[in-house]
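Undergrad: Please see the structure below; I have some questions.
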Amino acid sequence: MMNAVKFRAVAAVATVVALAGCQGMGEPQRRDRPVGPSAMQSGFEGEWVSTDGVAMSRFTAGRFETLATDTGNKLAEGNYSQINASTVSISVTSLIRQTTTQVNCAMVSQTQLNCTGSTGQQFSLIRRGASA
């Protein structure tokens with residue numbers, strides 16, 4: 001049962017990463033610009049948390065990783081590509097199961113991603129630092 005929870009968390013993180021990378025192709029980040037949740041305006045780049053709080057996913061320049069929120073251990077990693085302005089496709093490799101799956105995520109708001117894995121599992125991710 002715990003593996004299923006971790007798998008959902010990894011899938012959620014992968015989705016977040018995919019979405020973040022698509023928007024990350026724009027203007028490079030400047031050192032004098034603030035970073036963090038208050039500086040985020042739009043796009044998939046950044047950190048997203050599973051709604052159950054088990055995992056955090058980080059999307060950066062087409063790559064993503066998912067970490068367990070309790071231990072910081074890496075659960076999954078992979079690549080993502082933007083399909084259109086609000087959809088991202090993620091290839092997620094689970095470091096626990098040693099399997100690779102596809103996940104598609106839709107950005108339903110600037111703070112929420114709704115994702116569906118290739119086998120039908122669904123989950124949502126919330127932008128880290130966003131009030132729910």
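Nothing in this text is a laboratory measurement; each read-out follows from the coordinates by a stated rule. Bear in mind that the values here come from a model prediction, so they are computed numbers and not experimental data. Here the Cβ is made from the backbone with ideal geometry for all residues, glycine too, and neighbour counts use every protein chain on show.
Undergrad: Please turn the phi angles of region 53-66 into ³J(HN,Hα) values with the Karplus equation 6.51 cos²θ - 1.76 cosθ + 1.60 (θ = phi - 60°), one per residue in order, whole Hz, x for glycine and proline.
TA: Here the 3J(HN,Hα) series is x, 6, 9, 10, 10, 10, 10, 8, 6, x, 10, 9, 8, 10 Hz.
Undergrad: From a point 7 Å beyond the Cα of GLN121 in the direction of its Cβ, which residues of region 84-113 have a backbone N at a distance under 20 Å?
TA: Residues passing the 20 Å test: 88-107, 113.
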